[in-house]
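Below is one structure, written out as structure tokens; comments come after it.
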Number of protein chains: 2
Amino acid sequence: MSVELYDTTLRDGTQAEGISLSVEDKLKITRKLDELGVHYIEGGWPGSNPKDVEYFARVQEMPLQNALLCAFSYTGRAGLRVDEDTNLAMLLGARTPVVTIVGKSWDLHVTEVLRVSEDQNLKMIEETIAYLRSKGRRVIYDAEHFFDGYHANPEYAMRTLEAAVNGGAETLVLCDTNGGSLPWDIEDLTRMVCKELNVPVGIHAHNDSELAVANSLAAVRGGAVQVQGTINGYGERVGNANLVSIAADLKLKMGIDCLSEEQVRSLTEVAHYVSEVANLAPDSRQPFVGASAFAHKGGIHADATVKCRESYQHIDPEQVGNHTRVLISELSGKGNVLYKVGELDLGMEVSKEEARQLVQQIKDLESKGFVFEGAEGSAELLLRRNRADYEPPFELIDFMVVVEHRQGRDMLSEATVKVRVGDEIKHTAAEGNGPVNALDAALRKALLRFYPKLENVQLEDYKVRILDGDAATAAKTRVLIDSSIGQRRWGTVGSSANIIEASWQALRDSFEYALLNGD
Amino acid sequence: MSVELYDTTLRDGTQAEGISLSVEDKLKITRKLDELGVHYIEGGWPGSNPKDVEYFARVQEMPLQNALLCAFSYTGRAGLRVDEDTNLAMLLGARTPVVTIVGKSWDLHVTEVLRVSEDQNLKMIEETIAYLRSKGRRVIYDAEHFFDGYHANPEYAMRTLEAAVNGGAETLVLCDTNGGSLPWDIEDLTRMVCKELNVPVGIHAHNDSELAVANSLAAVRGGAVQVQGTINGYGERVGNANLVSIAADLKLKMGIDCLSEEQVRSLTEVAHYVSEVANLAPDSRQPFVGASAFAHKGGIHADATVKCRESYQHIDPEQVGNHTRVLISELSGKGNVLYKVGELDLGMEVSKEEARQLVQQIKDLESKGFVFEGAEGSAELLLRRNRADYEPPFELIDFMVVVEHRQGRDMLSEATVKVRVGDEIKHTAAEGNGPVNALDAALRKALLRFYPKLENVQLEDYKVRILDGDAATAAKTRVLIDSSIGQRRWGTVGSSANIIEASWQALRDSFEYALLNGD
């Protein structure tokens, strides 16, 4: 058995609070989705904004290997001839092989929102689809609010589907638009529609009841052969059905074909790529692909994972391109520390006494606001710095930062840094776009002569968290920096009531880690 | 029909990456959970760490209205007499009316992780429970990995449950410990266990397949009368079943009694309170209780919501203590702006032309890195500042910040601020725990004589986001500040390549908003 994946990240996904994609972003995601292997990519709604029109013009130049491109629109408007509807003209102007038309199934929406008669709505559905078919398009029909509509007025909801079939829709997608339905109800109604109408059926779920993935899988059990969703579940309100989890569940749990094994292995990378382009922090708690998805913190779980990999893991993380992590925290036992040391391959033996000391040290630092779970670079440095023979590649003496705003002049940020490398002391100054950038620049200036590879260190992300809200701007601040050289990525941490000091600590660890690792 | 809620935020929830609760935090959450009305509160595992021992000692002084307190432990150890097992002695020392014992159902775990014989495991389960019963405790039995264990060796998995019943367990909780099970399988096996053993059954699910809520509901359909979970779904790896969504789904969707209507209305507050105490940002996309859960961004949805509240909402948000929001963003139509203006009750008419200009202005600012969705304070100021008759309560002229680290001395942060209020110019300086705190202090110093109410403005949270990772520390930075006076809370935004400037903008908006609103 197989199911087609229909991705609407570029349309429904952009309805999420906090997401705004440029045309360039949308093109990048299109390429990535095509690589992933989804069957349909809904690129946008040409009638809704000029950005989507530009997208469809430019995406024509991008040859797709796996996916068919779809453009989205509502049905035409009542009282307007379909061949005079500018919205539909723009839809055709997008020149996609497939178009997706959404229409109303719920009588309440017809009369209260559209404010047309029930018959007018049926006519609009059928005529819109027939017109698009006459222009050579394949048409997928999204039945908005199908489940709610069916419960309000089953007969009318079914007539809207029939109108779509009469118009020539090739697939009927049942939408749980408000996300309020329950899996068993979705399964039953999907099965009923498949039986009654005998056309291919799809499912489009939202996560308002925290059931979107289950509802999508339930529809597949009921006979649905297409699942619509978005990468990471981005979407209006709490989001759409998460296509990442759905693909993994279908393939790995239900044995239903939707992507190849190799494509499933790319899910973690694709999920992170899309969050990166969408400029949202990846959700570390995201099932299958989150950084915490196979992370073990409790001493017993960490210990068991060492003894037997599958003991606390529902799948082999590599099946989705993720990996096991053992965390170091105040809940850690010595086992976590020893595992970590083994993983680092430091070529050092750690005695039980040393491990005990390390755990204590970590607990002390955590009480000061540090965390090492998302900062494995700093955790590694902590282990290394405990070695009697450890020599840090550089040592800070002083720094100063000035940020100035004077009327009629641009902002100024300047930093001075004094560091020792071996017997030499370097004292440098640099300007920057902001205080941390100025510090970064001054520190690189001081170190580059000794360590040319620092030129390639990229600071990828910079996060700040206030640890005790009550203390307002005097609160303790934790800074996490993610850095990279090429494919290697690491996190470092700093903590202080002073955001500049916390940033400095994380910056220093980032450079120190870079100098100790890799080529 | 009714179902009991069993909360394990304080035990399983603390296994989450990034969560660490002090004894004080745990006591606060205990009180809140009791107010919410859950039936059981699992406070911790006394055998695992001294913090939990202290918690159980101190929680004795807290009278609970609704909940029964539980202490958690593994079964005793093979080869050790139960009355000589220090772990069990500490469990009894917690003096809770109920204890929860977890034991192994999966033969793999018995032989590979515990490394004892199958019979020894059965004996441990039965003897541990019988011993605790003899000490007057009610015992809930958590069957770890029940579903995986049943599929590996159904006969043995059932024998472990029988051992628990023979020992005197009052409830058997079937655990999907690795979170890999599917709802229909959970439903069938729960039904089978209820039928075979005829004792009350519970469910304990994890979210690794993004199905924890569905799996919990499916178990209830199969006959489970207890659901274990955590507030906001915090927990090991991707988390436990989210008790917030489960309570709302049971009560509002399935008509199953678990909390009163009034208690369900407190879910949003409880969810935010726990995230606050746990020091995690509330998840705005969280179903039912997230800030985005009833937020409408697309023009069509916003428009329909104005016409008919239920058109794009699965429940009335007030049923869970949440509320509808209409967002202003680049996807907004004029309708969103007009709705927002109505909501603000500014006593101003906004013409269509003004609304159009505002939408354009928002789009321009968003392209510079501002967002107004999480910063309704700044959005309101934007609307107000467009009025010809708007007079800002103060105006910035200059500021400067110095941050200094000198060997052997503490960090120094100093800010100077020059502002105009009416015809007066105030020039002040202040030190702070960090640069933003110093700016905050200098600005308050300048304004307090004119506006004494600023003393009560609390800065509650401060978030920083790097907008274009490639530019590293030179990247554009967005700062969001959440502020409050008493119960009123608002967000403001700043954006600049300079983190201090961005912080300044958000800080200025926070104070300006405070001066324009409320008493």
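The values are calculated or read from the model by the stated rules, or taken from the named source; none is laboratory data. Note that the structure is predicted; figures quoted are calculated from it, not measured. Note that each Cβ is placed from the backbone with ideal geometry, even for glycine, and that neighbours are counted across all protein chains shown. Each accessible area value is taken on the protein alone, full model and side chains, heavy atoms only, with ligands, DNA and RNA left out. Shrake-Rupley method; radii C 1.70, N 1.55, O 1.52, S 1.80 Å.
What the table below lists for this structure:
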quantity: Test for A:Asp148: is it more than 35 Å from the chain's Cα centre (by Cα), open to solvent by 10 Å² or more (accessible area, probe 1.4 Å) and closer than 24 Å to A:Ile186 by Cβ; calculated: no
quantity: Residue in segment A:213-223 that is farther than 25 Å from B:Ser311 by Cα and part of a loop (DSSP other than H, G, I, E, B) present; calculated: yes
quantity: Filtered residue count, segment B:11-53, keeping only those that are on the phi < 0 side of the Ramachandran plot, part of a loop (DSSP other than H, G, I, E, B) and not aromatic (Phe, Trp, Tyr); calculated: 14
quantity: Residue tally, condition of a type in the set (Ser, Thr, Tyr), open to solvent by 10 Å² or more (accessible area, probe 1.4 Å) and away from chain A (no Cβ under 14 Å), over segment B:1-39; calculated: 1
quantity: Which listed residue is buried (at least 18 other Cβ atoms within 10 Å of the Cβ), over 15 Å from A:Gly179 (Cα atoms), over 20 Å from the mean Cα position of the chain (by Cα) and in the same structural domain as A:Thr177 (by TED's automatic domain parsing), from A:Ala219, A:Ala248, A:Ala224, A:Ala271; calculated: A:Ala224
quantity: Test: residue in segment A:228-243 that is open to solvent by 40 Å² or more (accessible area, probe 1.4 Å), part of a strand (DSSP E or B) and of a type outside the set (A, V, I, L, M, F, W, C); calculated: no
quantity: Residues being over 18 Å from A:Glu162 (Cβ atoms) and either of a type in the set (Lys, Arg) or in contact with a Pro (Cβ under 8 Å, 6 or more places away or on another chain) (or both) - total across segment A:91-135; calculated: 6
quantity: Complete set of residues in segment B:284-298 that are more than 7 Å from chain A (Cβ to nearest Cβ) and either open to solvent by 20 Å² or more (accessible area, probe 1.4 Å) or among the hydrophobic types (A, V, I, L, M, F, W, C) (or both); calculated: B:Phe288, B:Val289, B:Ala291
quantity: Every residue from segment A:169-192 that is buried (at least 24 other Cβ atoms within 10 Å of the Cβ) and over 31 Å from the mean Cα position of the chain (by Cα); calculated: A:Ala169
quantity: Single unsatisfied condition, A:Met62 versus (1) over 22 Å from the mean Cα position of the chain (by Cα); (2) in contact (Cβ under 8 Å) with a residue 12 or more places away in the chain; (3) not in a loop (DSSP other than H, G, I, E, B); calculated: (3)
quantity: All positions within segment B:299-326 that are under 21 Å from B:Glu262 (Cβ atoms) and facing chain A (nearest Cβ under 8 Å); calculated: B:Gln313, B:His314, B:Ile315
quantity: Pick from segment A:423-442, criterion part of a helix (DSSP H, G or I) and out of contact with any helix residue (DSSP H, G or I) (no Cβ under 7 Å at 6 or more places or on another chain), ranking: most open to solvent (accessible area, probe 1.4 Å); calculated: A:Ala441
quantity: Check on A:Ala281, touching a Ser or Thr at 6+ places or on another chain (Cβ under 9 Å), within 13 Å of chain B (Cβ to nearest Cβ) and either touching a residue at least 12 places away in the same chain (Cβ under 8 Å) or in a helix (DSSP H, G or I) (or both); calculated: yes
quantity: Out of B:Phe399, B:Phe450, sole residue that is assigned by TED's automatic domain parsing to the domain that holds B:Ile481, touching a residue at least 40 places away in the same chain (Cβ under 8 Å), not in a loop (DSSP other than H, G, I, E, B) and not acidic (Asp, Glu); calculated: B:Phe399
quantity: Any hit, segment A:498-518, residues being modelled with pLDDT under 90, over 20 Å from A:Phe399 (Cα atoms) and open to solvent by 40 Å² or more (accessible area, probe 1.4 Å); calculated: yes
quantity: Any hit, segment B:327-334, residues being modelled with pLDDT under 70 and away from chain A (no Cβ under 13 Å); calculated: yes
quantity: Failed criterion for B:Glu84 (all others in (1) buried (at least 18 other Cβ atoms within 10 Å of the Cβ); (2) within 26 Å of B:Lys123 (Cβ to Cβ) hold); calculated: (1)
quantity: Residues of segment A:258-278 satisfying the condition of being closer than 26 Å to B:Lys368 by Cβ and in a loop (DSSP other than H, G, I, E, B); calculated: A:Ala278
quantity: Boolean, B:Asn166 is surrounded by fewer than 21 Cβ atoms within 10 Å (Cβ to Cβ) and out of contact with any Ser or Thr (no Cβ under 7 Å at 6 or more places or on another chain); calculated: yes
